[in-house]
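The values are calculated or read from the model by the stated rules, or taken from the named source; none is laboratory data. None of these values were measured; they are calculated from a predicted model. When we count neighbours, we look across all protein chains shown, and the Cβ atoms used for this are built from the backbone with ideal geometry, even at glycine.
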Amino acid sequence: MTLEGIAENIISDFLFVLIPLLFGWMFLVFTHRVQLLKFFGVYNSRRIVIYLSNLIISPGSASGVNNKQWGYHGPAVPFYELPVANHLQGLFNYLLPSFSDGSSILRKLLISDVQVQLMPSPHEQGQPEQLTSFITLGSPMYNTISCFVESGLHSKVQFQEDARAILVEAVPPITDTSYGFIERIVDRERKRSIFYAAGLAKLGTAGAAHFLATEWKRLNRKYGDNTNFVVMLRFDTEDDRRWSIVFEQAFEK
């Protein structure tokens, strides 16, 4: 083989390795993938759990689509939490063009390098997984994981015992049902992040979770991946995607 042929082989081998690396680097830069994983505390663990509120339906109290009462009883998750939970789950998936032709059913490949698990809150008070980042939706009245965050992790935000007010230090009690909040507590010892999204009504809970899913880049620019923060929001009663920030603050645990 001539020197020219050897050089061509070396260059082709180099390009074969370089091009995928270049595309991978461009993907990470333009999709903010690294920032996403660090912001949610899953850069190392590659696992996060989303805990939903868990309602207990008593015998004879469940109504069907025809408003008749039926015999179902047991646990149920609020319907309004599912879309925002799925939205949060979707943050960690990404699409890549497939190498198949355009007529193929698999026109895009869904890739996920993070395990996202949606779970209803346990019925009994307990601790979630010790080394896993998680997002908890809803108040302690319907979510024992939210209760754990308030009592065990000393959340900056607390619900009043009768669930009629949200309490934040140095702020008058919040009783407006159009309010909701998102809080992050960074557990540096276990290298995980805990997110708490809730409100006095479904508007605040769903709105806060949606705010987290759509505005995490804004929050990341301001607080990075290692700062505790709370953001209190007010939502349009007609559309939980329309919000205004009432106040926000960083804090030390």
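Assorted remarks:
- Number of the condition not met by residue 240 [criteria: (1) of a type in the set (D, E, K, R); (2) within 24 Å of residue 87 (Cβ to Cβ); (3) modelled with pLDDT of 95 or more]: (3)
- Remark: pairs (first residue in segment 186-201, at negative phi and among the basic types (Lys, Arg); second residue surrounded by fewer than 23 Cβ atoms within 10 Å (Cβ to Cβ) and modelled with pLDDT under 95; Cβ separation under 6 Å; 6+ apart in sequence or on different chains) = 190/131.
- Residue 109 vs. criteria exposed (fewer than 12 other Cβ atoms within 10 Å of the Cβ), modelled with pLDDT under 85 and not in a loop (DSSP other than H, G, I, E, B): no
- The residues in segment 128-146 that are over 14 Å from the mean Cα position of the chain (by Cα), of a type in the set (Val, Ile, Thr) and closer than 15 Å to residue 193 by Cα can be counted, and the count is 1.
- Within segment 147-221, strands (runs of 3 or more DSSP E) holding 2 or more residues that are surrounded by fewer than 16 Cβ atoms within 10 Å (Cβ to Cβ) and either more than 13 Å from the chain's Cα centre (by Cα) or aromatic (Phe, Trp, Tyr) (or both): 171-174
- Criterion violated by residue 206 - all others in (1) of a type in the set (A, V, I, L, M, F, W, C); (2) out of contact with any helix residue (DSSP H, G or I) (no Cβ under 8 Å at 6 or more places or on another chain); (3) more than 20 Å from residue 36 (Cβ to Cβ) satisfied: (2)
- Pairs, first in contact (Cβ under 8 Å) with a residue 40 or more places away in the chain in segment 212-225, second among the polar types (S, T, N, Q), C-beta under 9 Å, six or more apart: 216/35; 217/35; 220/35; 225/35; 225/193
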